[in-house]
Amino acid sequence: MRLLILGGTEFVGRAVAEDAVARGWEVTVFHRGRNEPPAGTASLLGQRTEEGGLAALKEGEWDAVVDTWSADPQVVAGAARFLDGRVGRYAYISSRSVYAYPAAPELAEDAPVVEAGSGGYAEDKRGGELAALEVFGDRTLLVRAGLILGPYENIGRLPWWLNRMARGGEVLAPGPRDLALQYIDARDLAVWTLDAIEQGLDGPYDLVSPSGHATMETLLEACVAVTGGDAELCWTDAEKILAAGVQPWIDLPVWLPPGEDHDFMHQANVAKALASGLRCRPVQETVADTWTWLQGIGGTAPQRSDRPAVGLDPEVEARLLD
Ligand SMILES: NC(=O)c1ccc[n+]([C@@H]2O[C@H](COP(=O)([O-])OP(=O)(O)OC[C@H]3O[C@@H](n4cnc5c(N)ncnc54)[C@H](OP(=O)(O)O)[C@@H]3O)[C@@H](O)[C@H]2O)c1
């Protein structure tokens, strides 16, 4: 298999590249050159947002493309048209954000989606889907990921929890303990996506673990365990945390209290992905491998410039714990 990854050097794309290389596929990554290409890949450089920026892709044919673009959909449209006729299948790493909000629990692929193109993240992702579909039709795979965790994470969610646990002491643990979580390890996303390409799957797939694959408690306990066990989890009611003005998801990454946002992010129906072979590794493995990686890079996680920094102000945490 000859695979072209548009991106491929940071987080999700890197996981896809590493898995494809491990399968013995011939992998090319197309990027600006700000990050090192993964071992075993060929690197082509270009700037997707600039006129003529795809020149390095002028020649060549690939069995499949994986596109990780997450902003202006015209960039996906430009690449899809540029590669038309030289590519077998096109997998676009989309997002569950494309669904119209608010949405009830058990949301699945047939739920209504937002209108493409009005500039927000959800509209951009929907626009990216339509741009790929317009050129590749039923050779398009839409990988609608939910929350993505794992080594190389460039948003800082699991890295923040890990660093907080490593600091030790009493840690504000947002309840309820048994709050069901739904996320996908980037490496499980990669395995599923490459398998799906091989099988010729097309259309949208919601890609997260079943709800409850982990809970707030199993996630945080795993973080405590791998970071040395000096942190003491202080389980705190959601109401109390919210009353203190703490922002779920941003101040306390991953956490959404029971309610509409939690229904949307952590209660999706993933029957379609499971039936097509999705396997999710245990949360303890995701946490341990992310900690190993984080320590290996000195403890400071990379941070995408187009996403907000996450994490709770230590003073706010101390006040709440008091
Ligand atoms: N994180 C989540 O929880 C989450 C949830 C749902 C969906 N998603 C989706 O998952 C995807 C995440 O992708 P990722 O960022 O991890 O992918 P990635 O492919 O690992 O990294 C982004 C790549 O884009 C390249 N790039 C950036 N700007 C470029 C430009 N102007 N021209 C050419 N190449 C450029 C970077 O190259 P350099 O080497 O030059 O930097 C890098 O290789 C996104 O589509 C996001 O919407 C994420």
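The values are calculated or read from the model by the stated rules, or taken from the named source; none is laboratory data. Please read all numbers here as calculations on a predicted model, not as lab measurements. Positions of Cβ are backbone-derived with ideal geometry, glycine not excepted, and every protein chain shown enters the neighbour counts. Protein only, heavy atoms only, side chains kept; ligands, DNA and RNA dropped before computing areas. Shrake-Rupley method; radii C 1.70, N 1.55, O 1.52, S 1.80 Å.
The mean sequence distance of close C-alpha pairs (under 8 Å, at least 6 residues apart), as a share of the length of segment 144-288, puts its relative contact order at 39 percent.
If you fit an axis through the alpha-carbon atoms of helix 121-136 and take the longest principal axis of the Cα set of the chain, what angle between them do you get, 0 to 90°, nearest 10? Relative to the chain, helix 121-136 is tipped by roughly 30 degrees. Available extension along the chain between E198 and R281 is 27.8 nm, counting 0.36 nm per residue and deducting the alpha carbon span. Between segment 181-202 and segment 253-321, the alpha-carbon centres lie 18 Å apart.
Cα centroid separation, segment 4-58 to segment 111-139: 22 Å. Between 0 and 90 degrees, the angle of helix 283-296 with respect to the longest Cα principal axis of the chain falls at about 80 degrees. Expressed as a whole percent, the accessible area of segment 214-259 that falls on carbon and sulfur atoms is 49 (1.4 Å probe).
The calculated 222 nm mean residue ellipticity attributable to helices in the chain amounts to -10500 deg cm²/dmol, summing -39500 (n - 2.57) over DSSP H runs of n ≥ 4 and dividing by all residues. Using the average count of surrounding beta-carbon atoms within 10 Å as a protection proxy, the listed peptides 222-232, 184-194 rank, highest first, as 184-194, 222-232.
For K240, a cut-off of 19 angstrom between C-alpha atoms picks up no lysines at all, skipping any fewer than 8 places away in its own chain. The Cβ shell under 15 Å around R48 holds other residues with a net charge of -3, Lys and Arg each +1, Asp and Glu each -1.
Annotation: peptides 157-170, 50-63, 282-295, ranked by per-residue average of other Cβ atoms within 10 Å with the highest first, follow the order 157-170, 282-295, 50-63. Bridge orientation summary for segment 2-145: considering DSSP beta bridges with both residues in this region, about 5 percent are antiparallel.
Per residue, the accessible area of the chain comes to 42 Å², computed with a 1.4 Å probe over protein heavy atoms only. For K125, the lysines whose Cα falls under 28 Å of its own Cα, not counting residues fewer than eight places away in the same chain, are K58, K272.
Against the main long axis of the alpha-carbon atoms of the chain, helix 12-22 sits at an angle near 60°.
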